Amino acid sequence: MTATSRPIHVAITRRIKPGFEQEFQTALKEFIARSLAETGVHGAAMLVPPPGSHSPEYGIIRSFASPAERDAFYASTLYLDWKKRVEPLSEGEPDTRELHGLEAFFRNNGSPPPPRWKMAVATYAGVLPVVMGLSLTIGPAVRPLSFVLNNAIFNACVVALLTWVVMPVISRALRGWLQPK
């Protein structure tokens, strides 16, 4: 990777048929482990619905060093075999998106992402109340812990709330402003 190039992040989500969730998760964990040995793959994260959710959407975010390495991975036997393996577990075609920074929160059915300044304003509108609320609620409980543990717990709560609660609400509430027709 050159000094001016940036990693490429690709998110692929699939709707899993009812009753096949555990089989898909197991297969996805195995696929992630095997795929990390591939040249150019710089990381992967599994996406699962939060506990208690009835969402059928599961997926993976994968990072690559370059477009060539991304393309080689998605043309590889490993990936093509994976697609065949999970096809009977999935409903419809997977949704594939290349993500750039904040765009992960603002994906919207194939339309281009909003301007970055709008994404930053919307994110700030989500981060501010989450951090203030957590500072008042869990802040006193984690403050006596070590600096590292305190920050690890606090920031995990911030990320979880932003990812599964606040940013989906904000992106829906501000849809007209973020994506004017």
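Annotations
- Every residue from the stretch 126-138 that is small (Gly, Ala, Ser) and surrounded by 15 or more Cβ atoms within 10 Å (Cβ to Cβ): Gly126, Gly133
- Hey, Ser66 in contact (Cβ under 8 Å) with a residue 40 or more places away in the chain and either surrounded by 12 or more Cβ atoms within 10 Å (Cβ to Cβ) or not basic (Lys, Arg) (or both) or not: yes
Conditions (1) over 16 Å from the mean Cα position of the chain (by Cα); (2) closer than 20 Å to Pro50 by Cβ; (3) not basic (Lys, Arg), marked per residue:
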residue: Pro129; (1), (2), (3): yes, yes, yes
residue: Met132; (1), (2), (3): yes, no, yes
residue: Ala141; (1), (2), (3): yes, no, yes
residue: Pro144; (1), (2), (3): yes, no, yes
residue: Val148; (1), (2), (3): yes, no, yes
residue: Asn155; (1), (2), (3): yes, yes, yes
residue: Trp164; (1), (2), (3): no, yes, yes
residue: Arg172; (1), (2), (3): yes, yes, no
residue: Gly176; (1), (2), (3): yes, no, yes
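- Considering Ala65, Ala72, Ala173, the condition of being out of contact with any Phe, Trp or Tyr (no Cβ under 6 Å at 6 or more places or on another chain) and at pLDDT 90 or above is satisfied by Ala72 alone.
- Subset tally (residues that are hydroxyl-bearing (Ser, Thr, Tyr) and surrounded by 13 or more Cβ atoms within 10 Å (Cβ to Cβ)) for the stretch 145-181: 2
- Of all residues in the stretch 17-63, those that are open to solvent by 20 Å² or more (accessible area, probe 1.4 Å), of a type in the set (S, T, N, Q) and either in contact with a helix residue (DSSP H, G or I) (Cβ under 8 Å, 6 or more places away or on another chain) or under 19 Å from Trp164 (Cα atoms) (or both) total 4.
- Leu102 vs. criteria modelled with pLDDT under 80, hydrophobic (A, V, I, L, M, F, W, C) and surrounded by fewer than 17 Cβ atoms within 10 Å (Cβ to Cβ): yes
- Test for Arg14: is it among the charged types (D, E, K, R), in a strand (DSSP E or B) and open to solvent by less than 70 Å² (accessible area, probe 1.4 Å): yes
The values are calculated or read from the model by the stated rules, or taken from the named source; none is laboratory data. None of these values were measured; they are calculated from a predicted model. Cβ sites come from the backbone with ideal geometry, for glycine too, and all protein chains shown count toward neighbours. Ligands, DNA and RNA are excluded from the accessible area calculation, which covers all protein heavy atoms including side chains. Shrake-Rupley method; radii C 1.70, N 1.55, O 1.52, S 1.80 Å.
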